[in-house]
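**Student:** The structure under discussion is supplied below as structure tokens; questions concerning it will follow.
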Amino acid sequence: MSPAGKANTARSIVDDVFGRARTREIWTGNYGKALPVSVQEFDLSAVLPAVFYMFRFGHRRGKGKFLETFGGDAKTTKERRRGATIERVASKLAGAEVFEGFVGPTEQAILGDLLLCFCLENTKRALGRHEQVQRVAPAHYMASWVDLPDAVAHLRYVPEMIVAMLADQKEQHVQQNREGDRSWFAVGRGFEDNVLLRAFHHGVVRHGEYLAGRTADRFEEQAPVGLDQLLMIRLAQQLGAAPEKLRGGEGERISNQRPVAEKAARHFSEDIRRFVRAYARVIPRHAFVELLESCMAVGLTTIVTSVIELLFEWAVTAEIRKQCDQQPTYLFVDCSNGVDRRLRALAEQSMDDFMRRIEQFPVVLMALRLLDHGARYDSKLKKLHQTRPYATDWLNVLGELLHQRREEAQAILYDLERKAEELAEGLQEDYADAAEMLKNNRAQPNPVWRLAEALTSLQGRGNTQQNLITLVDSVLLVARPNGLAMKRSVTRKLSSGGAKKRDVRSLVFTDSVLDYLAHIHVLRTGNKSGYRSLSFKDFLQALRTRYGFCVEHAPPGMTISNELLRLNRVVLERRLRDLGLLTGVNDAEAMKQLRPRFEHAEEYVHGVA
Amino acid sequence: MSMVWLELHARLLANAFEKVLGKLEPGAMAFVRCLTPDVVEALAEDIIFAPSAWKVWRVADAADATARTITADRAVELRESKGEPVLLLVDTTRAGAGMDGIYSAAREVDEASLFNQALRLAGNEVTSRLSREARLHAEQAIKKARGFGHRFSVSPWTEFDFLVRIAAERRRPGELLYLLGLWPVKQDDEGGSGDGLDVSRLFVDRLLGTAVAGLTPAQRVETLKLLNPSEEQITDLERLLRSVAAKPLLSALSELADKTHLWVNALQIEGAAEIIQSIELTSWRTNTGRIARWSGLIDGPDDGDPPVFVLDPDADKTGDYSKLEVRWKARPDNLAKGAVEYRVVIVTDMDEELVSREVSHTGKKEEKCRFTNDDFSMLNDDALIGAKVVVSVIGNNEVEVQESEEFTIRFGKPPGHEPAGVGKKVRTFSEGLIELNEREIVSAIASSTETLAVDSKGFVLLRTPQRGKSFRVFQPSLLREVEQQ
């Protein structure tokens, strides 16, 4: 304890050395210019309603009326949150004019189960009608009226990043599109001008201007919609209006910051556009939402792994790789979904090595934050501070500073060297390990890396590496029926004796992911309608080059028996056949063709076509 | 990592092919597609690779006679011409369409049979060029690299390459361990330093393992407990760990190839200690002051009451056995297995010895000793005894004896707790049953009318005769009630 009685925490010592403002900037796990999301856990299935809102209104979602309507009369927000249960929502809805025959407890229980099935989700995905409701499902566009989770920031800026990537604008912030703008994902325009909203707005019309008020969207009662969609519409109608725009510190505007993985971002945008355009009207809504989530999981996983690979390379070369040469992480996929032990072990080994490598990622992000701060306040360098939509050039400038290839580097590194010394002195008593790290210029001559390593260590594993792992789990939709990975707890013998329990993950293709991947790849390229013939071999090639999913190839740094690689291929082939996604009348490889299960919708010509 | 191609690779593989293909028949055609494209290319270019009487062609996307490469069309023509025996090395990424006829009609040399021969030949080569010990050491290294339960993948080609390079370069197996995912070992001429494989694995686990990836390089080096390392070694080791942190494991280890001062034996770890200094009992209480479940005790009836050890008098009939567990740590923590014997005694509050046990030091992180119902068979059913556990080191009076907190022993019904079931969670049992290998087991389970157990979390449990295949399905309370009615 310091003389004043203030706890001598690591953060307070860093505060003393760097100052409050600078510490606030660096004492985090994020670096939005490279990866514009908060490195933390989020729920991918809750992202779409927020995306709908942002596309419709052109700004970030703020407070709505969910808690006010369904949270009961409790005094505090926390109590209202707890009070908003399926039972209460069902009972409130049952009393509405549009519902008839839901008076008794049994009927209300059935209504509650329907809500839980199609529209709402409890905390921790719990079952039951007495749990706190936490998320809204994207059954219909009107889900955007439901402000769940109550703070949009809990979605870790993922909806904002998705909107920025899909809208593909040039300015600092995402703007309302003007008349005549050519975009598949118009912001603040009619439903018909946005591929995603067009797929989900069925039966809803807008009264008034494009950015008309929060109550302008109305449901046409004659419109035929599915039961799940109708339930969502009724739920939203109960709220009376869409949420307000976000107020307060974080700002209403949607940042147009995109990830440095430009290629993966472009692929994500392309995939989601083509998939929604082709199948939104032909795949039943519930299945379509599942496939769309798989689509987002595949796309976001590729973005995250590509950013990680790019920044690891940046740390060595000081440059962000050109867009055309960018690659995701190559990971082995267990096509047997864990049924074959040997394939599962390979997929776990591959993923385990990836998880080992990404432990270094928070240190790289810390180095970026330190350099960024130093460079932004340099009179010459700040002129180069153009980071939106892509921060590639700025990161290259930071790389040149890191490797001392610019004259300005000397002053910045000198300042950081001094800070390292000062911080080491402050930490000496309570955090001797970190102090030693900062002083050890023999093992690490560059002060940026010394500081980055020490500060990351002071932040603690729970705030850095563990958060990154939860982010990776979130984008992979781990252990979900439409997810990309499985996780299991294993007890492994240690070479030093004893055993340790830990989680191992493996990449798998769930049926939903396979369905999505097959359907997206049989579509013709560009904006041409209809299907193309796609051989199984070309499909595997596409999975590897586009997303890094290795089925019949060993990922770099792994040696795999060819027999096992072939087994993996055979298992995938058989599963595709079972799902009705592959035909082949003989052994000829070229004759094994993928085919869709759903007929492609012949779409009217969009303004862009 | 780029592949190192040696003449011996080609010669041994040629011999292996000859052995596998056996007797020649006119017009014969065989193909191999289990080799990676780089190996196929290297084999085709290397004229030493010439299985006797077989004409060798690589099948790829462009013809090049100097590199013994043809296209798939030409391969089909060769098959139809029925000329001299042909061995096709198929580059599966470039061969293109048209090979299907060959795949279905010609003879395939599969990976298992080819490498069965190739590994044997490579092993013989190691024996003849180095020694039988070197071969045994190399084979041990491969086993060690695979780890327990073949957890780490080592492909047949990697094994073969490892043996070939040992033989061709006349290197000690320890020097090339990085090819297998192990830390290289420096061996002296007399081979006196042992094989070092366990230490090699330990280095990989402690320096590059996933479990330690969150530690800083300095912390990781510290966990190794190196014996008198030089400052240069520590610095270089830390530097290496930093530079390879973001690389795949094999690439990371390959960086060690020319850093002999960082190899095992150049870096030595402290040997196990033989002399115990102290012991420290692990508290039965958690941080919140509650009794930990592992102890086998339960909280006393009131706050401040000593914990209770409850014994079921009818345990032999009900199977409701109790256990009392004591844990302790010994100092130094690298004390060798079996270095000391402990005496663990339960004494009453009148200092009478109730029961005692002698246990040997296991060398694990924590030592433990358990007492069960049988140890208390001399007590009457109405016994209510205050007791404590005393742990001492046999034959060493210098180590302070450790005593546990007091607890009460009584008979009664141990608090029941339904353990959570063990098994993979599935949506339906059919989803689990498709994983079984034998149809008969599935039929037997499907036709069984036996009621299945339900665990404390509301999951129905299904245990199958196949090892490791147990499943759980969540049973909603509504369904449970319906079933019970």
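**Student:** How about region B:54-102: which of its residues are of a type in the set (S, T, Y) and within 45 Å of the chain's Cα centre (by Cα)? Please lay out each step first, then the result.
**Tutor:** Step one: filter region B:54-102 for residues of a type in the set (S, T, Y), giving B:66, B:69, B:71, B:81, B:92-93.
Within region B:54-102, B:T69, B:T71, B:T92, B:T93 qualify.
**Student:** Considering only region A:240-265, state which residues are crowded, with 19+ Cβ neighbours inside 10 Å and not charged (D, E, K, R). Talk me through it step by step, then tell me what you get.
**Tutor:** Taking region A:240-265 as the starting set, the residues that turn out to be crowded, with 19+ Cβ neighbours inside 10 Å are A:242-243, A:246, A:254-265.
Correct list: A:A242, A:P243, A:L246, A:I254, A:S255, A:N256, A:Q257, A:P259, A:V260, A:A261, A:A264, A:A265.
**Student:** Can you tell me which residues in region A:425-434 are modelled with pLDDT of 90 or more and under 23 Å from B:S243 (Cβ atoms)?
**Tutor:** Matches in region A:425-434: A:A434 only.
Residues are listed down the side, and each one gets a yes or a no for (1) farther than 22 Å from A:D503 by Cα; (2) assigned to a loop (DSSP other than H, G, I, E, B); (3) within 12 Å of chain A (Cβ to nearest Cβ); (4) within 16 Å of the chain's Cα centre (by Cα):
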{"site": "B:K143", "(1), (2), (3), (4)": "yes, no, no, yes"}
{"site": "B:W157", "(1), (2), (3), (4)": "yes, no, yes, no"}
{"site": "B:L163", "(1), (2), (3), (4)": "yes, no, no, no"}
{"site": "B:E175", "(1), (2), (3), (4)": "yes, no, no, no"}
{"site": "B:D198", "(1), (2), (3), (4)": "yes, no, yes, yes"}
{"site": "B:L207", "(1), (2), (3), (4)": "no, no, yes, no"}
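**Student:** Quickly run through region B:316-339 and pick out the residues that are surrounded by 17 or more Cβ atoms within 10 Å (Cβ to Cβ) and closer than 16 Å to B:S377 by Cβ.
**Tutor:** Matches in region B:316-339: B:S322, B:L324.
**Student:** On to the next question. Among the candidates B:Q233, B:Q277, which residue alone is farther than 20 Å from B:R370 by Cβ, crowded, with 17+ Cβ neighbours inside 10 Å and over 27 Å from the mean Cα position of the chain (by Cα)?
**Tutor:** Values: B:Q277 fails: crowded, with 17+ Cβ neighbours inside 10 Å.
None of the other options fit; the residue is B:Q233.
**Student:** Any residue at all in region B:349-360 that's surrounded by 16 or more Cβ atoms within 10 Å (Cβ to Cβ), within 31 Å of the chain's Cα centre (by Cα) and within 12 Å of B:V391 (Cβ to Cβ)?
**Tutor:** The answer is yes; a qualifying residue exists.
**Student:** When region B:69-113 is examined, which residues are found to be in contact (Cβ under 8 Å) with a residue 24 or more places away in the chain, farther than 29 Å from A:V551 by Cα and not small (G, A, S)?
**Tutor:** B:L78, B:R79, B:K82, B:E84, B:P85, B:V86
**Student:** Hey, another quick one. Select from region B:423-463 the residues that are in contact with a Leu (Cβ under 8 Å, 6 or more places away or on another chain), within 14 Å of chain A (Cβ to nearest Cβ) and outside any helix (DSSP H, G or I) and list them in ascending order.
**Tutor:** The one that is in contact with a Leu (Cβ under 8 Å, 6 or more places away or on another chain), within 14 Å of chain A (Cβ to nearest Cβ) and outside any helix (DSSP H, G or I): B:G423.
**Student:** Also: All but one of (1) on the phi > 0 side of the Ramachandran plot; (2) assigned to a helix (DSSP H, G or I) hold for B:N228, so report the exception by its number.
**Tutor:** Only one criterion in (1) on the phi > 0 side of the Ramachandran plot; (2) assigned to a helix (DSSP H, G or I) is unmet by B:N228, namely (2).
**Student:** Quickly run through region A:86-117 and pick out the residues that are in contact (Cβ under 8 Å) with a residue 12 or more places away in the chain and among the polar types (S, T, N, Q).
**Tutor:** Correct list: A:S91, A:Q108.
**Student:** Can you name the helices (runs of 4 or more DSSP H) wholly within region A:358-477 that have at least 2 residues being away from chain B (no Cβ under 14 Å), touching a helix residue (DSSP H, G or I) at 6+ places or on another chain (Cβ under 7 Å) and under 22 Å from A:Q257 (Cα atoms)? Walk me through it before giving the result.
**Tutor:** On the way: elements: A:361-376, A:392-402, A:409-427, A:432-439, A:447-459, A:465-476.
So the answer is A:361-376, A:392-402, A:465-476.
**Student:** Here's another thing I want to ask about it. Being touching a residue at least 40 places away in the same chain (Cβ under 8 Å) and over 30 Å from A:L494 (Cβ atoms), is that true of even one residue in region B:132-140?
**Tutor:** Within region B:132-140, the subset touching a residue at least 40 places away in the same chain (Cβ under 8 Å) is B:133, B:137, B:140.
Within this subset, residues satisfying the condition of being over 30 Å from A:L494 (Cβ atoms) are none.
The answer is no; no qualifying residue exists.
**Student:** I would also like to ask the following. Quick one: count up the residues across region A:529-546 that are closer than 22 Å to A:V475 by Cβ, within 13 Å of chain B (Cβ to nearest Cβ) and basic (K, R). So that I can check it myself, show each step before the final result.
**Tutor:** First pass over region A:529-546, keeping only residues closer than 22 Å to A:V475 by Cβ: A:542-546.
If we keep only those that are within 13 Å of chain B (Cβ to nearest Cβ) too, we end up with A:544-545.
Imposing the further condition that a residue be basic (K, R) reduces the set to A:544.
Result for region A:529-546: 1.
**Student:** I want to confirm something. Restricting to region A:547-566 and keeping residues that are buried (at least 19 other Cβ atoms within 10 Å of the Cβ) and part of a helix (DSSP H, G or I), which single residue is farthest from the other protein chains (Cβ to nearest Cβ)?
**Tutor:** A:Y547
**Student:** Moving to a separate point now. Would region B:253-271 turn up any residue that is within 14 Å of chain A (Cβ to nearest Cβ), in contact with a helix residue (DSSP H, G or I) (Cβ under 6 Å, 6 or more places away or on another chain), within 26 Å of B:S200 (Cα to Cα) and small (G, A, S)?
**Tutor:** Checked against the condition, which is being within 14 Å of chain A (Cβ to nearest Cβ), in contact with a helix residue (DSSP H, G or I) (Cβ under 6 Å, 6 or more places away or on another chain), within 26 Å of B:S200 (Cα to Cα) and small (G, A, S), region B:253-271 yields at least one hit.
**Student:** Among the residues of region A:272-279, are any in a helix (DSSP H, G or I), at negative phi, in contact with a helix residue (DSSP H, G or I) (Cβ under 9 Å, 6 or more places away or on another chain) and free of Cβ contacts under 8 Å to residues at least 60 places away in the same chain? Step through it out loud before you land on a result.
**Tutor:** Just the residues of region A:272-279 that are in a helix (DSSP H, G or I), to begin with: A:272-279.
When the remaining residues are screened for being at negative phi, the result is A:272-279.
So of that shortlist, the ones also in contact with a helix residue (DSSP H, G or I) (Cβ under 9 Å, 6 or more places away or on another chain) come out as A:272-279.
Checking the rest, the ones that are also free of Cβ contacts under 8 Å to residues at least 60 places away in the same chain come to none.
Checked against the condition, which is being in a helix (DSSP H, G or I), at negative phi, in contact with a helix residue (DSSP H, G or I) (Cβ under 9 Å, 6 or more places away or on another chain) and free of Cβ contacts under 8 Å to residues at least 60 places away in the same chain, region A:272-279 yields no hits at all.
The values are calculated or read from the model by the stated rules, or taken from the named source; none is laboratory data. Since this is a predicted model, take the numbers as computed values, not measurements. For neighbour counting, all protein chains shown are included, and Cβ atoms are generated from backbone atoms with ideal geometry for every residue, glycine included.
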